[in-house]
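*Asks:* Quick one: the structure is below, questions incoming.
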Amino acid sequence: MTELGQRLRQERESKGLSLEDLQKLTKIQKRYLLGIEEGNYEVMPGKFYVRAFIKQYCEAIGLDTDAIFEEYKSDIPSTQTEDIPQQLSRVRSRKEIPQHTKGVSKAYDYLPTVLVVAGVVVVGIIIWVIAQNIVSDKNKEQANQEAPNSEIQQSNTQEETNETTAKNDNSTSEDDQSAADKKEQEKETAAKEKAEKEKAEKEKAAKEKAAKEKKDSGKQEYKEVQKTGRSATYALSGTDAFSLEVTSTQADTWLDVKNGKGNAFFSSILKKGETKEFDLTKETEARVNIGYSPGVELKVNGKAVDLPFDSSKQVRQVVTIQYQPAEAQ
């Protein structure tokens, strides 16, 4: 085992993490994690993965990756990337260039005839276009002389139609705007009513909770029953509620909360500054496994309780709370 592997294993065990727990956190196979701790890098897919897996391992247990890589650089293999230049010829030999120029000289023999025919066609098209323009101009002049009043009447009719269309468009636009304003106002009213309702419900729930906590605070009892090794058992009585809050204030920690039947409510990393709340009123027992107890705060029914052991001497602590509702006493 290398010095790096020994350091990582000690740090993992101090946080109460098994290789299976670390596998869940990092998504790295257990055999690779074991290879890192034993210094057996031959089981890795490659040197790049060795460095990447060590980095993920350090981050999962809260170590400074850069400091670890610098301190144990002799134990960590380095990676090198070699670019092998490839020279690709873009020059084609003259033999590869197809020869298709044998019939070009024959085409030039027919070029004069083709040009003459094209010229005749172009002149014919020009004459036809000029004739069509002359006939069109005569027809337009005759039409202007015969129906000047018709154009005026048509112009007046078009203006009236445009005015009517504009009025209809304005009316439609105003109706659409009014409907949109009404719909928007209805949305705002509904949102306001919903917000007021939610606020009232929250205030009611807060008052009920405060009243219940006030009612129970005078008779709630939380006392130590047993303490051994790193585990301690407490009895909670004199209350009809059992809520638990766990907060990590200094560093990430592993947190596992189960009931007396072994069913897990939470089993993962609790981030620094994060709080988890659990309603355990229907349970008769709760087991709280804390991997890194320094800076961890416990509250039972909103009231802070001390951890059973000095966190500087006992990093990992297990707290079992046995609950008996007041109505059952």
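The values are calculated or read from the model by the stated rules, or taken from the named source; none is laboratory data. Being a predicted model, the structure only gives us computed values, none of them experimental. Cβ: placed from backbone, ideal geometry, glycine included. Neighbour counts: every protein chain shown. These area figures cover heavy atoms from the full protein model, side chains too; ligands, DNA and RNA do not enter into them. Shrake-Rupley method; radii C 1.70, N 1.55, O 1.52, S 1.80 Å.
*Asks:* 5 Å is the cut-off here: which amide hydrogens, built 1.01 Å from N in the peptide plane, fall below it relative to residue 243, excluding neighbours closer than 5 in sequence?
*Replies:* 280, 301
*Asks:* Can I ask one more? For a protection proxy built on the mean count of beta-carbon atoms within 10 angstrom, sort 249-259, 189-199 highest first, please.
*Replies:* The densest-packed peptide leads the list: 249-259, 189-199.
*Asks:* So what are the ³J(HN,Hα) numbers for region 39-50, from phi and the Karplus equation (6.51, -1.76, 1.60; θ = phi - 60°), rounded to whole Hz, Gly and Pro as x?
*Replies:* Values, residue by residue: x, 9, 7, 5, 7, 6, x, x, 5, 4, 5, 4 Hz.
*Asks:* Same structure, new question: Fully extended, how many nm does the chain gain between residue 40 and residue 261 (0.36 nm per residue separation, minus their Cα-Cα distance)?
*Replies:* This chain segment gains 75.6 nm when fully extended.
*Asks:* Taking the mean number of other Cβ atoms within 10 Å as a proxy for protection, how do you rank 287-293, 313-319 from highest to lowest?
*Replies:* Details: 287-293: 22.1, 313-319: 18.1.
For the peptides 287-293, 313-319, the packing ranking is 287-293, 313-319.
*Asks:* Between residue 125 and residue 11, what is the label-to-label distance in nm when each label sits 7 Å out along the Cα-to-Cβ direction?
*Replies:* A separation of 8.3 nm, rounded to one decimal place.
*Asks:* Simple spin-label model, 7 Å along Cα-to-Cβ: residue 111 to residue 59 in nm?
*Replies:* Simple spin-label model gives 7.2 nm for this pair.
*Asks:* Could you work out how much longer the chain between residue 134 and residue 219 gets when fully extended? Use 0.36 nm per residue separation minus the Cα distance between them, nm to one decimal.
*Replies:* Extra length from residue 134 to residue 219 when fully extended: 19.2 nm.
*Asks:* Expressed as a whole percentage, what fraction of the accessible surface of region 177-253 belongs to carbon and sulfur atoms when a 1.4 Å probe is rolled over the protein heavy atoms? Don't skip to the answer; put the middle values down first.
*Replies:* Values: 2700 of 5630 Å².
Of all accessible area on region 177-253, carbon and sulfur atoms account for 48 percent.
*Asks:* Then there is this: What are the ³J(HN,Hα) values, in whole Hz, obtained from phi via the Karplus relation 6.51 cos²θ - 1.76 cosθ + 1.60 with θ = phi - 60°, for each residue of region 61-68 in sequence order, with x given for Gly and Pro?
*Replies:* Each residue of region 61-68 in turn: 9, x, 9, 6, 4, 4, 5, 5 Hz.
*Asks:* OK, next. Using 7 Å Cα-to-Cβ label points, what is the residue 69/residue 180 separation (nm, one decimal)?
*Replies:* For residue 69 paired with residue 180, the spin-label model returns 5.5 nm.
*Asks:* Which cross-chain or sequence-distant (5 or more) residues have an amide H under 5 Å from the amide H of residue 234, H modelled 1.01 Å from N in plane?
*Replies:* Under 5 Å from the amide H of residue 234: 225, 320, 321, 322.
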